[in-house]
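Okay, structure first, notes after.
The values are calculated or read from the model by the stated rules, or taken from the named source; none is laboratory data. If you're wondering where the values come from, they're calculated on a predicted model, not measured in any experiment. All Cβ positions, glycine included, derive from the backbone under ideal geometry; neighbour counts span all protein chains shown.
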Amino acid sequence: MKILVVDDDPVLRVVVTAGLKALHHDVVACQSGAKAWAQLQQSAFPVMITDWSMPEMDGIQLTQALRKMPRESYTYVIMLTGHSSREDYLTGVKAGVDAFLVKPLDGALLEAQLSIAARVVGQQDHTKRLESIMTVCSYCKRVRSEGDWVDMEQYIAREFKALPSHTFCPSCFKEKVEPDMKELGISTEGLG
């Protein structure tokens, strides 16, 4: 899994990064919230592990910015913190934090949170795939889109910003087009 680690403490950043790499994760480490924000704007990360207290942009501000950014995929946020009061927890949840790990870091608890993150992100991806399924009329091949039935070409042009081209698959060519062309006396040599 691709994980963004954000912590201004170089020792903790190296320890977390090494532990995650030992678990075969793809890790990008940043020393500040501002640098992490730049990474998030360039690439999607299924998981972000961030410290709360950092200069420039803290973990709460980073999480809030992430949640406001339109994204195709979900990022599960794990907050590493020395803050453990009820108010701190509520502040984090309101910002969009998914899980909290109190420092000093317990590697087994981090690994457990990554298992939870993988399930949540997997469910989000599955839901996106289901939402992207097209409903196509079996008879006329029109597509249901926002309550209306539209031509497939119109749907593809609108949804995918692409213009479809038409041809025949090998089976249809052999079973339908070729017999029709032969019946009309048209050679099919070199076609198909």
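Structure above, values below:
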quantity	calculated
Matching residues, region 137-148, being modelled with pLDDT of 80 or more and assigned to a loop (DSSP other than H, G, I, E, B)	Cys137, Ser138, Cys140, Lys141, Arg142
Count - residues of region 29-55 that are crowded, with 18+ Cβ neighbours inside 10 Å, among the hydrophobic types (A, V, I, L, M, F, W, C) and farther than 23 Å from His83 by Cα	2
The lone exception for Thr75 - which of (1) in contact (Cβ under 8 Å) with a residue 24 or more places away in the chain; (2) surrounded by fewer than 19 Cβ atoms within 10 Å (Cβ to Cβ); (3) touching a Leu at 6+ places or on another chain (Cβ under 9 Å) it fails	(2)
Residues located in region 149-191, provided they are of a type in the set (A, V, I, L, M, F, W, C), under 20 Å from Met134 (Cβ atoms) and in a loop (DSSP other than H, G, I, E, B)	Ala162, Leu163, Cys169
Filter result for the condition that a residue is without any contact (Cβ under 8 Å) to a residue 40 or more places away in the chain and either of a type in the set (A, V, I, L, M, F, W, C) or over 20 Å from Phe100 (Cα atoms) (or both), over Val6, Val15, Val27	Val27
Selected residue [free of Cβ contacts under 8 Å to residues at least 12 places away in the same chain, surrounded by 13 or more Cβ atoms within 10 Å (Cβ to Cβ), under 30 Å from Lys2 (Cβ atoms) and under 24 Å from the mean Cα position of the chain (by Cα)] from Ala157, Ala162, Ala112, Ala118	Ala112
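Per-residue answers, yes or no, for (1) basic (Lys, Arg); (2) over 19 Å from Asp26 (Cβ atoms):
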| position | (1), (2) |
| --- | --- |
| Lys68 | yes, yes |
| Met79 | no, yes |
| Arg86 | yes, yes |
| Gly96 | no, yes |
| Leu114 | no, no |
